[in-house]
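The values are calculated or read from the model by the stated rules, or taken from the named source; none is laboratory data. Owing to the predicted nature of the structure, the values given are computational and were not obtained by experimental measurement. Cβ sites come from the backbone with ideal geometry, for glycine too, and all protein chains shown count toward neighbours.
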Amino acid sequence: MQAQLNKILDQAKDKLQEAATVAQVDEIRVKMLGKKGRLTEILRGMGKLSPEERKTTGQMANTVRGEIEELLEKKFREVKVVAKEAQFKLERIDVTEPGKEVNIGVRHPLTITMDEISKVFTNMGFSIAEGPEVETVFNNFDALNAGPNHPARDMTDTFYINEDILLRTQTSPVQVRTLLKQKPPIKIISPGRCFRCDTPDATHSPMFHQVEGLVVDEGITMADLKGTLDRFAKQLFGTETRTKFRPHHFPFTEPSAEMDVSCFKCGGKGCRVCKGSGWIEILGCGMVHPNVLKVGGIDTERYTGFAFGMGVERVSMLKYGVDDIRLFYENDMRFINQFK
Ligand code: DAH
(Lines give C-alpha, C1' and ligand atoms only; values in the text may rest on other atoms or scores of the structure.)
Protein backbone atom coordinates (compact mmCIF):
# COMPACT_ATOMS: atom_id res chain seq x y z
CA MET A 1 0.00 0.00 0.00
CA GLN A 2 2.86 2.30 0.77
CA ALA A 3 4.39 1.46 -2.56
CA GLN A 4 1.07 2.41 -4.18
CA LEU A 5 1.14 5.76 -2.41
CA ASN A 6 4.64 6.45 -3.69
CA LYS A 7 3.49 5.54 -7.17
CA ILE A 8 0.60 7.98 -6.93
CA LEU A 9 2.98 10.73 -5.91
CA ASP A 10 5.26 9.96 -8.85
CA GLN A 11 2.33 9.86 -11.25
CA ALA A 12 1.10 13.20 -10.01
CA LYS A 13 4.57 14.68 -10.52
CA ASP A 14 4.82 13.33 -14.09
CA LYS A 15 1.36 14.43 -15.12
CA LEU A 16 1.74 17.87 -13.65
CA GLN A 17 4.95 18.37 -15.53
CA GLU A 18 3.08 17.93 -18.80
CA ALA A 19 0.02 20.00 -17.84
CA ALA A 20 -0.11 23.42 -19.50
CA THR A 21 -3.56 24.84 -18.82
CA VAL A 22 -5.70 25.51 -15.74
CA ALA A 23 -8.21 22.94 -17.01
CA GLN A 24 -5.56 20.25 -17.34
CA VAL A 25 -4.22 20.87 -13.84
CA ASP A 26 -7.72 20.73 -12.44
CA GLU A 27 -8.32 17.45 -14.20
CA ILE A 28 -5.26 15.99 -12.47
CA ARG A 29 -6.49 17.32 -9.14
CA VAL A 30 -9.81 15.48 -9.56
CA LYS A 31 -8.10 12.27 -10.69
CA MET A 32 -5.69 12.23 -7.77
CA LEU A 33 -7.49 13.79 -4.84
CA GLY A 34 -11.17 13.84 -5.85
CA LYS A 35 -13.89 11.71 -4.26
CA LYS A 36 -13.34 9.01 -6.86
CA GLY A 37 -9.64 9.72 -7.11
CA ARG A 38 -6.71 7.32 -6.62
CA LEU A 39 -5.84 8.41 -3.10
CA THR A 40 -9.40 8.04 -1.84
CA GLU A 41 -9.47 4.59 -3.39
CA ILE A 42 -6.43 3.50 -1.37
CA LEU A 43 -7.68 5.04 1.85
CA ARG A 44 -10.88 3.05 1.44
CA GLY A 45 -8.89 -0.16 1.45
CA MET A 46 -7.25 0.75 4.79
CA GLY A 47 -10.04 -0.93 6.78
CA LYS A 48 -8.45 -4.28 6.10
CA LEU A 49 -5.10 -3.32 7.63
CA SER A 50 -3.93 -4.00 11.16
CA PRO A 51 -4.10 -0.99 13.51
CA GLU A 52 -0.35 -0.69 13.41
CA GLU A 53 -0.17 -0.65 9.60
CA ARG A 54 -3.21 1.62 9.40
CA LYS A 55 -1.40 4.25 11.47
CA THR A 56 1.76 4.39 9.34
CA THR A 57 -0.12 4.12 6.07
CA GLY A 58 -2.53 6.85 7.22
CA GLN A 59 0.35 9.14 8.10
CA MET A 60 2.02 8.47 4.79
CA ALA A 61 -1.23 9.04 2.88
CA ASN A 62 -1.57 12.43 4.57
CA THR A 63 2.00 13.37 3.67
CA VAL A 64 1.44 12.31 0.06
CA ARG A 65 -1.82 14.29 -0.08
CA GLY A 66 -0.06 17.34 1.32
CA GLU A 67 2.73 17.04 -1.20
CA ILE A 68 0.36 16.62 -4.13
CA GLU A 69 -1.68 19.60 -2.93
CA GLU A 70 1.45 21.69 -2.78
CA LEU A 71 2.50 20.60 -6.28
CA LEU A 72 -0.98 21.37 -7.61
CA GLU A 73 -0.98 24.81 -6.08
CA LYS A 74 2.42 25.61 -7.53
CA LYS A 75 1.36 24.42 -10.97
CA PHE A 76 -1.93 26.33 -10.78
CA ARG A 77 0.00 29.50 -10.13
CA GLU A 78 2.33 28.81 -13.05
CA VAL A 79 -0.35 28.10 -15.65
CA LYS A 80 -2.41 31.08 -14.51
CA VAL A 81 0.51 33.40 -15.14
CA VAL A 82 1.03 31.83 -18.58
CA ALA A 83 -2.70 32.18 -19.38
CA LYS A 84 -2.73 35.82 -18.33
CA GLU A 85 0.31 36.61 -20.43
CA ALA A 86 -1.29 34.97 -23.45
CA GLN A 87 -4.44 37.00 -22.91
CA PHE A 88 -2.47 40.22 -22.55
CA LYS A 89 -0.73 39.47 -25.81
CA LEU A 90 -4.09 38.88 -27.49
CA GLU A 91 -5.63 42.07 -26.13
CA ARG A 92 -2.60 44.22 -26.59
CA ILE A 93 -3.44 47.84 -27.39
CA ASP A 94 -1.06 49.90 -29.43
CA VAL A 95 -1.44 53.27 -27.78
CA THR A 96 0.68 54.90 -30.48
CA GLU A 97 -1.68 53.87 -33.27
CA PRO A 98 -3.46 56.92 -34.76
CA GLY A 99 -7.11 57.17 -33.68
CA LYS A 100 -10.13 56.98 -35.93
CA GLU A 101 -11.17 60.43 -37.08
CA VAL A 102 -14.48 61.49 -35.57
CA ASN A 103 -16.36 63.79 -37.88
CA ILE A 104 -18.38 66.15 -35.71
CA GLY A 105 -21.05 67.94 -37.71
CA VAL A 106 -21.57 71.68 -37.68
CA ARG A 107 -24.79 73.55 -37.03
CA HIS A 108 -26.55 74.75 -40.14
CA PRO A 109 -26.28 78.56 -40.58
CA LEU A 110 -30.09 78.85 -40.35
CA THR A 111 -30.05 76.92 -37.07
CA ILE A 112 -27.30 79.19 -35.77
CA THR A 113 -29.31 82.30 -36.70
CA MET A 114 -32.56 80.91 -35.30
CA ASP A 115 -30.80 79.99 -32.04
CA GLU A 116 -29.24 83.45 -31.81
CA ILE A 117 -32.57 85.20 -32.35
CA SER A 118 -34.30 82.88 -29.86
CA LYS A 119 -31.62 83.45 -27.24
CA VAL A 120 -32.00 87.23 -27.36
CA PHE A 121 -35.73 86.88 -26.71
CA THR A 122 -35.59 84.11 -24.11
CA ASN A 123 -33.08 86.28 -22.23
CA MET A 124 -35.81 88.96 -22.19
CA GLY A 125 -38.25 86.49 -20.63
CA PHE A 126 -39.99 85.15 -23.73
CA SER A 127 -40.87 81.47 -23.87
CA ILE A 128 -40.86 79.36 -27.01
CA ALA A 129 -44.17 78.21 -28.53
CA GLU A 130 -44.55 75.79 -31.39
CA GLY A 131 -47.20 75.15 -34.01
CA PRO A 132 -47.64 72.66 -36.86
CA GLU A 133 -46.47 73.26 -40.41
CA VAL A 134 -49.76 71.87 -41.71
CA GLU A 135 -52.34 74.40 -40.53
CA THR A 136 -56.00 75.23 -40.85
CA VAL A 137 -57.03 77.99 -43.25
CA PHE A 138 -58.80 79.48 -40.24
CA ASN A 139 -55.62 79.81 -38.11
CA ASN A 140 -53.46 80.94 -41.02
CA PHE A 141 -55.88 83.54 -42.44
CA ASP A 142 -59.38 84.05 -40.96
CA ALA A 143 -58.34 84.26 -37.31
CA LEU A 144 -55.57 86.64 -38.34
CA ASN A 145 -58.11 89.05 -39.76
CA ALA A 146 -57.31 88.15 -43.38
CA GLY A 147 -60.79 87.75 -44.83
CA PRO A 148 -61.89 85.56 -47.75
CA ASN A 149 -60.76 88.15 -50.30
CA HIS A 150 -57.25 88.64 -48.98
CA PRO A 151 -54.74 88.25 -51.87
CA ALA A 152 -52.41 85.95 -49.89
CA ARG A 153 -55.18 83.33 -49.86
CA ASP A 154 -54.83 82.88 -53.61
CA MET A 155 -53.91 79.39 -54.86
CA THR A 156 -50.89 80.85 -56.61
CA ASP A 157 -49.45 82.06 -53.29
CA THR A 158 -50.41 79.25 -50.94
CA PHE A 159 -50.03 75.45 -50.91
CA TYR A 160 -53.48 74.09 -50.12
CA ILE A 161 -53.97 70.51 -48.95
CA ASN A 162 -57.73 70.95 -49.28
CA GLU A 163 -60.24 73.77 -48.78
CA ASP A 164 -59.62 73.97 -45.03
CA ILE A 165 -56.01 72.81 -44.65
CA LEU A 166 -52.79 74.33 -45.98
CA LEU A 167 -49.06 74.53 -45.41
CA ARG A 168 -48.74 77.61 -43.22
CA THR A 169 -47.52 80.64 -45.16
CA GLN A 170 -46.26 82.35 -41.98
CA THR A 171 -45.62 81.55 -38.31
CA SER A 172 -48.39 83.98 -37.31
CA PRO A 173 -50.98 81.17 -36.79
CA VAL A 174 -48.98 80.28 -33.66
CA GLN A 175 -50.31 83.61 -32.30
CA VAL A 176 -53.84 82.27 -32.72
CA ARG A 177 -53.00 78.91 -31.13
CA THR A 178 -51.36 80.68 -28.19
CA LEU A 179 -54.27 83.09 -27.70
CA LEU A 180 -56.70 80.15 -27.71
CA LYS A 181 -54.93 78.21 -24.98
CA GLN A 182 -53.13 80.79 -22.84
CA LYS A 183 -54.36 83.69 -20.73
CA PRO A 184 -52.42 86.98 -20.54
CA PRO A 185 -49.74 87.80 -19.66
CA ILE A 186 -48.46 86.20 -22.87
CA LYS A 187 -44.86 86.57 -24.01
CA ILE A 188 -43.81 84.05 -26.63
CA ILE A 189 -41.70 83.64 -29.71
CA SER A 190 -42.16 80.89 -32.25
CA PRO A 191 -39.43 79.89 -34.67
CA GLY A 192 -40.51 77.62 -37.51
CA ARG A 193 -40.83 76.61 -41.12
CA CYS A 194 -43.22 78.24 -43.62
CA PHE A 195 -44.23 77.53 -47.21
CA ARG A 196 -45.28 79.63 -50.17
CA CYS A 197 -45.82 78.88 -53.88
CA ASP A 198 -42.70 80.75 -54.95
CA THR A 199 -40.38 79.82 -57.79
CA PRO A 200 -36.89 79.49 -56.33
CA ASP A 201 -34.44 82.28 -57.16
CA ALA A 202 -31.64 84.07 -55.33
CA THR A 203 -34.05 85.56 -52.74
CA HIS A 204 -37.09 83.22 -52.86
CA SER A 205 -37.65 79.67 -51.73
CA PRO A 206 -40.95 77.75 -51.44
CA MET A 207 -39.81 76.70 -47.96
CA PHE A 208 -38.29 79.18 -45.52
CA HIS A 209 -38.15 80.06 -41.82
CA GLN A 210 -39.63 82.77 -39.65
CA VAL A 211 -39.53 83.76 -36.02
CA GLU A 212 -42.85 85.08 -34.73
CA GLY A 213 -43.34 87.05 -31.52
CA LEU A 214 -46.38 87.90 -29.43
CA VAL A 215 -46.80 89.90 -26.22
CA VAL A 216 -50.21 90.47 -24.62
CA ASP A 217 -50.79 92.05 -21.23
CA GLU A 218 -52.46 95.02 -19.53
CA GLY A 219 -51.05 98.36 -20.62
CA ILE A 220 -48.86 97.15 -23.52
CA THR A 221 -48.17 100.05 -25.90
CA MET A 222 -46.20 100.84 -29.03
CA ALA A 223 -43.41 101.97 -26.69
CA ASP A 224 -43.02 98.38 -25.47
CA LEU A 225 -42.90 97.18 -29.06
CA LYS A 226 -40.23 99.70 -30.02
CA GLY A 227 -38.18 99.20 -26.87
CA THR A 228 -38.20 95.41 -27.17
CA LEU A 229 -37.35 95.32 -30.87
CA ASP A 230 -34.69 98.03 -30.59
CA ARG A 231 -33.06 96.05 -27.80
CA PHE A 232 -33.27 92.91 -29.91
CA ALA A 233 -31.58 94.65 -32.88
CA LYS A 234 -28.74 95.92 -30.68
CA GLN A 235 -28.15 92.45 -29.23
CA LEU A 236 -28.18 90.71 -32.60
CA PHE A 237 -26.32 93.22 -34.76
CA GLY A 238 -24.23 95.15 -32.20
CA THR A 239 -24.80 97.93 -29.67
CA GLU A 240 -24.18 100.67 -32.25
CA THR A 241 -27.25 99.57 -34.23
CA ARG A 242 -30.07 102.11 -34.63
CA THR A 243 -33.64 101.21 -35.55
CA LYS A 244 -36.32 102.95 -37.58
CA PHE A 245 -40.03 102.11 -37.82
CA ARG A 246 -41.88 102.74 -41.08
CA PRO A 247 -45.69 102.55 -41.35
CA HIS A 248 -46.89 99.45 -43.14
CA HIS A 249 -49.93 97.21 -43.40
CA PHE A 250 -50.63 93.75 -42.01
CA PRO A 251 -54.19 92.50 -41.53
CA PHE A 252 -53.51 91.26 -37.98
CA THR A 253 -51.91 94.42 -36.55
CA GLU A 254 -53.08 98.01 -36.25
CA PRO A 255 -51.06 100.16 -36.46
CA SER A 256 -48.47 98.11 -38.39
CA ALA A 257 -44.85 98.88 -39.12
CA GLU A 258 -41.70 97.55 -40.66
CA MET A 259 -38.49 97.88 -38.70
CA ASP A 260 -35.22 98.82 -40.38
CA VAL A 261 -31.83 98.56 -38.71
CA SER A 262 -28.87 100.79 -39.52
CA CYS A 263 -26.55 98.83 -41.81
CA PHE A 264 -24.22 96.72 -39.65
CA LYS A 265 -21.72 96.62 -42.51
CA CYS A 266 -21.20 100.34 -43.17
CA GLY A 267 -22.83 101.76 -40.02
CA GLY A 268 -25.32 103.76 -42.11
CA LYS A 269 -23.05 105.44 -44.64
CA GLY A 270 -24.35 103.35 -47.51
CA CYS A 271 -22.77 100.26 -49.06
CA ARG A 272 -23.49 97.19 -51.18
CA VAL A 273 -25.24 95.31 -48.33
CA CYS A 274 -27.75 98.12 -47.65
CA LYS A 275 -27.89 99.08 -51.33
CA GLY A 276 -26.63 102.55 -50.55
CA SER A 277 -29.49 103.51 -48.21
CA GLY A 278 -27.74 102.91 -44.89
CA TRP A 279 -30.81 100.95 -43.65
CA ILE A 280 -31.82 97.30 -43.83
CA GLU A 281 -35.41 96.08 -43.48
CA ILE A 282 -35.50 93.34 -40.88
CA LEU A 283 -39.06 92.56 -39.71
CA GLY A 284 -42.77 93.33 -39.68
CA CYS A 285 -44.56 94.30 -36.49
CA GLY A 286 -47.50 96.12 -34.98
CA MET A 287 -50.08 96.32 -32.22
CA VAL A 288 -52.24 93.18 -32.26
CA HIS A 289 -55.56 93.91 -33.99
CA PRO A 290 -58.50 93.64 -31.56
CA ASN A 291 -60.17 91.16 -33.95
CA VAL A 292 -57.26 88.76 -33.37
CA LEU A 293 -57.41 89.11 -29.57
CA LYS A 294 -61.17 88.46 -29.72
CA VAL A 295 -60.58 85.06 -31.37
CA GLY A 296 -58.85 84.05 -28.14
CA GLY A 297 -61.72 85.47 -26.08
CA ILE A 298 -59.46 88.18 -24.68
CA ASP A 299 -61.04 91.32 -23.22
CA THR A 300 -59.80 94.00 -25.63
CA GLU A 301 -60.72 96.80 -23.22
CA ARG A 302 -58.38 95.40 -20.62
CA TYR A 303 -55.57 93.88 -22.70
CA THR A 304 -53.44 95.07 -25.59
CA GLY A 305 -50.46 93.48 -27.28
CA PHE A 306 -47.81 93.68 -29.91
CA ALA A 307 -46.54 91.15 -32.44
CA PHE A 308 -43.65 90.81 -34.84
CA GLY A 309 -42.35 88.42 -37.44
CA MET A 310 -39.04 88.11 -39.23
CA GLY A 311 -37.50 85.97 -41.94
CA VAL A 312 -34.61 83.86 -40.68
CA GLU A 313 -33.05 83.39 -44.12
CA ARG A 314 -32.97 87.15 -44.66
CA VAL A 315 -31.25 87.82 -41.34
CA SER A 316 -28.81 84.96 -41.97
CA MET A 317 -27.99 86.15 -45.50
CA LEU A 318 -27.35 89.68 -44.26
CA LYS A 319 -25.27 88.59 -41.28
CA TYR A 320 -23.08 86.14 -43.17
CA GLY A 321 -23.04 87.83 -46.56
CA VAL A 322 -24.79 84.92 -48.32
CA ASP A 323 -26.01 86.16 -51.70
CA ASP A 324 -28.20 83.23 -52.79
CA ILE A 325 -30.91 81.71 -50.55
CA ARG A 326 -30.68 78.39 -52.40
CA LEU A 327 -27.25 77.75 -50.85
CA PHE A 328 -29.02 77.05 -47.53
CA TYR A 329 -30.86 74.02 -48.90
CA GLU A 330 -28.27 72.33 -51.13
CA ASN A 331 -26.47 70.52 -48.28
CA ASP A 332 -23.14 71.30 -49.87
CA MET A 333 -20.64 70.73 -47.08
CA ARG A 334 -18.23 73.22 -48.64
CA PHE A 335 -20.84 75.89 -47.86
CA ILE A 336 -22.01 74.57 -44.48
CA ASN A 337 -18.50 73.90 -43.13
CA GLN A 338 -17.74 77.61 -43.40
CA PHE A 339 -19.95 78.15 -40.34
CA LYS A 340 -17.77 76.07 -38.00
N1 DAH B 1 -46.54 87.20 -40.97
C2 DAH B 1 -45.92 88.31 -41.63
C3 DAH B 1 -45.34 87.87 -42.95
O4 DAH B 1 -45.17 86.69 -43.15
C5 DAH B 1 -44.83 88.90 -40.76
C6 DAH B 1 -45.39 89.64 -39.60
C7 DAH B 1 -45.63 90.99 -39.69
C8 DAH B 1 -45.66 88.97 -38.42
C9 DAH B 1 -46.17 91.67 -38.62
C10 DAH B 1 -46.20 89.68 -37.33
C11 DAH B 1 -46.44 91.04 -37.45
O12 DAH B 1 -46.49 89.08 -36.19
O13 DAH B 1 -46.96 91.70 -36.40
O14 DAH B 1 -45.03 88.70 -43.74
inquiry  = Just to be sure I understand the filter: pairs with C-beta atoms under 6 Å, separated by 6 or more residues or on different chains, first member in region 45-59 and farther than 16 Å from LEU5 by Cα, second member part of a helix (DSSP H, G or I). Which pairs pass?
reply    = none
note = Of the residues in region 246-258, those that are of a type outside the set (Gly, Ala, Ser), under 18 Å from ILE280 (Cβ atoms) and touching a Cys at 6+ places or on another chain (Cβ under 8 Å) come to GLU258
ask   = In region 190-214, how many are over 15 Å from SER256 (Cα atoms) and in a strand (DSSP E or B)?
value = 13
Residue satisfying condition, being more than 29 Å from VAL288 (Cβ to Cβ) and in a loop (DSSP other than H, G, I, E, B), within set ASN149, ASN103, ASN62 = ASN103
request  = Could you tell me whether region 151-172 includes any residue that is closer than 30 Å to ARG302 by Cα, surrounded by 19 or more Cβ atoms within 10 Å (Cβ to Cβ) and in contact with a helix residue (DSSP H, G or I) (Cβ under 6 Å, 6 or more places away or on another chain)?
outcome  = yes
message = Out of LEU90, LEU71, I need the residue that is aliphatic (A, V, I, L, M) and more than 60 Å from the chain's Cα centre (by Cα). Which one?
response = LEU71
Residue satisfying all of: in region 261-270; farther than 12 Å from LEU318 by Cβ and not small (Gly, Ala, Ser); nearest to the ligand (Cβ to nearest atom) among these = CYS266
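Yes/no matrix, rows are residues, columns are (1) more than 24 Å from ASN291 (Cα to Cα); (2) modelled with pLDDT of 95 or more; (3) among the charged types (D, E, K, R); (4) not assigned by TED's automatic domain parsing to the domain that holds CYS194:
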| position | (1), (2), (3), (4) |
| --- | --- |
| VAL120 | yes, yes, no, no |
| PRO132 | no, yes, no, no |
| GLU135 | no, yes, yes, no |
| PHE141 | no, yes, no, no |
| LEU144 | no, yes, no, no |
| ARG153 | no, no, yes, no |
| ILE161 | yes, yes, no, no |
message = Whether any residue in region 218-228 is at pLDDT 95 or above, within 32 Å of the chain's Cα centre (by Cα) and within 14 Å of the ligand (Cβ to nearest atom) is what I want to check.
response = yes
task = Please verify whether region 165-181 includes one or more residues that are within 22 Å of GLU254 (Cβ to Cβ) and away from the ligand (no atom under 15 Å from the Cβ).
result = yes
Residue that is surrounded by the most Cβ atoms within 10 Å (Cβ to Cβ) [pool: residues in region 296-330 that are β-branched (Val, Ile, Thr) and over 26 Å from PHE252 (Cα atoms)] = ILE325
message = So HIS249 passes all but one of these: (1) under 24 Å from THR171 (Cα atoms); (2) modelled with pLDDT of 95 or more; (3) away from the ligand (no atom under 15 Å from the Cβ). Which condition number does it fail?
response = (3)
ask   = For region 237-262, which residues satisfy the criterion of being surrounded by fewer than 20 Cβ atoms within 10 Å (Cβ to Cβ) and under 20 Å from PRO151 (Cβ atoms)?
value = PRO247, HIS248, HIS249, PRO251, GLU254, SER256, GLU258
query = Considering region 262-295 alone, what residues qualify as being assigned to a loop (DSSP other than H, G, I, E, B) and under 12 Å from PHE252 (Cβ atoms)?
reply = HIS289
note = Taking region 293-316 and the residues there that are within 17 Å of ASP224 (Cβ to Cβ) and not hydroxyl-bearing (Ser, Thr, Tyr), the one that is farthest from the ligand (Cβ to nearest atom) would be ARG302
request  = Working only within region 273-309, note down all residues that are within 28 Å of GLU116 (Cα to Cα), touching a Phe, Trp or Tyr at 6+ places or on another chain (Cβ under 9 Å) and modelled with pLDDT of 95 or more.
outcome  = ILE282, LEU283, GLY284, CYS285, GLY286, MET287, VAL288, ALA307, PHE308, GLY309
task = Answer with yes or no whether VAL79 is of a type in the set (A, V, I, L, M) and loosely packed, with under 13 Cβ neighbours inside 10 Å.
result = no
query = Is it the case that region 182-200 has a residue that's at pLDDT below 95 and of a type in the set (Asp, Glu)?
reply = yes
request  = Please list, ordered by first then second residue, the pairs with beta carbon atoms under 8 Å, 6 or more apart or interchain, first in region 195-216 and over 18 Å from GLY284 (Cα atoms) and in the same structural domain as VAL174 (by TED's automatic domain parsing), second part of a loop (DSSP other than H, G, I, E, B) and near the ligand (Cβ under 10 Å from one of its atoms).
outcome  = PRO206/ARG196
Residue that is exposed (fewer than 14 other Cβ atoms within 10 Å of the Cβ) and either more than 30 Å from VAL315 (Cα to Cα) or over 60 Å from the mean Cα position of the chain (by Cα) (or both), where the choices are GLN24, GLN2, GLN11 = GLN2
